[in-house]
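Enquirer: Mind looking over this structure? Questions follow.
The values are calculated or read from the model by the stated rules, or taken from the named source; none is laboratory data. A quick note: this is a predicted structure, and the numbers were derived from the prediction, not measured. Virtual Cβ from ideal backbone geometry, glycine too; neighbours counted across all protein chains shown.
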Amino acid sequence: MQHSKLSIWLRAARPQTLAASFVPILVGASLAWHHSAFRWDTSLVALACALLIQIGTNFANDYYDFVKGADTPDRIGFERATAAGLVSPEAMFRATYLTMGLAFLLGLYLVWVGGWVILAIGLLSLLFGILYTGGPFPLGYNGLGDLFVFIFFGIVAVMGTYYVNALQWNIESFWLAIPVGALCVNILVVNNLRDVEQDKKNGKRTLGVLLGEKALQAEYLLLIMMSYSTPFVLLLVYDYSLWILLPFLSLPLAIQLNNHIWFHEDKRELNQTLERTAQFMVLFGLLLATGILFQ
């Protein structure tokens, strides 16, 4: 089966996971709107940078997993362009750093608006995007992937988006970042649960390899519970209205996904669960953002 170059690169970008970039910007910008501090320019540039950093990270994973021998023929996850021979390692390497470089250049506008703290955040985001699978101590190979995702796709992304709008930090943005980060991590949890046997053989020490599948299943449930608990903090401590509980409309889907995590029969089914977990994150994020805007 032949693929066009465009379709190959689109698949390598893994669009099914890009909710992890979109939702944090949406939530952070919604809080800025609520506080009459929203800016279209910084929000759109922040979104572009977030998407480019995640795509660059996905390209880096594609490249480094291949050169480290982690992508083997028994892989049951989504097709990797380098391992499948659709893209040369050299081309994937160049694409990784070109994408990260473009994110850096666009991010200079945010540095101009928000100052040196944004430069530090941006450089760390780019660095850890590479170090997730690259470098001498790759985070994803040593049980630190979940923590990285929670911090950078949750706390940093939501609070940073609010900052480049309002030019000040806000504790409410921290609380809103918790469900966003938790649901980002759950995308990774599904990925690690699906690949636990392959990762074990290939030397990847993910949390699934270190702690076992039951720990991943429990983590998925715990992060869902954390996501639905956080709006109550805003309701009870920060006097938000009941609109902030809008995300509970997504609870039936959360229950369905959790059941699939615990009771699936074939690991290949988790490819669909991963996509639906990302879709669930978008739904939760849209409901959360709507609840913020209706305050």
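Enquirer: I'd like the full set of residues that are under 16 Å from Gln16 (Cβ atoms) and surrounded by 20 or more Cβ atoms within 10 Å (Cβ to Cβ), limited to segment 258-272.
Expert: Once the filter is applied, which keeps residues that are under 16 Å from Gln16 (Cβ atoms) and surrounded by 20 or more Cβ atoms within 10 Å (Cβ to Cβ), segment 258-272 yields only Leu270.
Enquirer: Related question: Taking Gly77 and the conditions (1) buried (at least 21 other Cβ atoms within 10 Å of the Cβ); (2) under 27 Å from Phe284 (Cα atoms); (3) touching an Asp or Glu at 6+ places or on another chain (Cβ under 8 Å); (4) not hydrophobic (A, V, I, L, M, F, W, C), which numbered condition does it fall short on, given that it satisfies the others?
Expert: Unmet for Gly77, out of (1) buried (at least 21 other Cβ atoms within 10 Å of the Cβ); (2) under 27 Å from Phe284 (Cα atoms); (3) touching an Asp or Glu at 6+ places or on another chain (Cβ under 8 Å); (4) not hydrophobic (A, V, I, L, M, F, W, C): (1).
Enquirer: Follow-up. If you take the residues in segment 117-132 that are surrounded by 21 or more Cβ atoms within 10 Å (Cβ to Cβ) and of a type outside the set (A, V, I, L, M), which one is farthest from Glu197 (Cα to Cα)?
Expert: Gly122
Enquirer: How do the helices (runs of 4 or more DSSP H) wholly within segment 1-101 filter down when requiring 1 or more residues that are within 30 Å of Ile171 (Cβ to Cβ): which remain?
Expert: Answer list for segment 1-101: 19-34, 40-67.
Enquirer: Is it the case, given these coordinates, that Leu86 is under 17 Å from the mean Cα position of the chain (by Cα) and either at pLDDT below 95 or closer than 27 Å to Leu193 by Cα (or both)?
Expert: no
Enquirer: Could you please let me know if Ile187 is touching a helix residue (DSSP H, G or I) at 6+ places or on another chain (Cβ under 9 Å), under 27 Å from Gly69 (Cα atoms) and at pLDDT 95 or above?
Expert: Working: touching a helix residue (DSSP H, G or I) at 6+ places or on another chain (Cβ under 9 Å): yes; under 27 Å from Gly69 (Cα atoms): yes; at pLDDT 95 or above: yes.
The answer is yes for Ile187.
Enquirer: State yes or no: is Asn165 closer than 27 Å to Pro252 by Cα, crowded, with 20+ Cβ neighbours inside 10 Å and not acidic (Asp, Glu)?
Expert: Considered against the rule, which asks whether it is closer than 27 Å to Pro252 by Cα, crowded, with 20+ Cβ neighbours inside 10 Å and not acidic (Asp, Glu), Asn165 comes out as no.
Enquirer: Of these, Gly114, Gly135, Gly143, Gly154, which one is under 30 Å from Leu257 (Cα atoms), surrounded by fewer than 23 Cβ atoms within 10 Å (Cβ to Cβ) and among the small types (Gly, Ala, Ser)? Break it down stepwise before answering.
Expert: Numbers: Gly114 fails: under 30 Å from Leu257 (Cα atoms); Gly135 fails: under 30 Å from Leu257 (Cα atoms); Gly154 fails: surrounded by fewer than 23 Cβ atoms within 10 Å (Cβ to Cβ).
Criteria check complete, one pass: Gly143.
Enquirer: For residues that are aliphatic (A, V, I, L, M) and crowded, with 16+ Cβ neighbours inside 10 Å, scanning just segment 9-25, find the one that is farthest from Leu176 (Cα to Cα). So that I can check it myself, show each step before the final result.
Expert: So the first thing to find is which residues in segment 9-25 are aliphatic (A, V, I, L, M), and the list is 10, 12-13, 18-20, 23, 25.
Cutting the leftovers down to crowded, with 16+ Cβ neighbours inside 10 Å gives us 12-13, 18-20, 23, 25.
Working: Ala12: 30, Ala13: 27, Leu18: 19, Ala19: 16, Ala20: 14, Val23: 11, Ile25: 11 Å.
For segment 9-25, the residue satisfying everything is Ala12.
Enquirer: On to the next question. Could you tell me which residue of segment 284-295 is nearest to Thr17 (Cα to Cα), considering only residues that are among the aliphatic types (A, V, I, L, M) and buried (at least 18 other Cβ atoms within 10 Å of the Cβ)? Steps first, answer last, please.
Expert: Step one: of segment 284-295, the residues among the aliphatic types (A, V, I, L, M) are 286-289, 292-293.
Now restrict to residues that are buried (at least 18 other Cβ atoms within 10 Å of the Cβ): 286-289, 292.
Working: Leu286: 16, Leu287: 19, Leu288: 19, Ala289: 19, Ile292: 24 Å.
Filtering segment 284-295 for residues that are among the aliphatic types (A, V, I, L, M) and buried (at least 18 other Cβ atoms within 10 Å of the Cβ), the one nearest to Thr17 (Cα to Cα) comes out as Leu286.
Enquirer: Given the criterion over 19 Å from Leu176 (Cα atoms), under 17 Å from the mean Cα position of the chain (by Cα) and either of a type in the set (S, T, N, Q) or assigned to a helix (DSSP H, G or I) (or both), identify the matching residue among Leu193, Leu257.
Expert: On the way: Leu257 fails: under 17 Å from the mean Cα position of the chain (by Cα).
Going through Leu193, Leu257 in turn, the sole match is Leu193.
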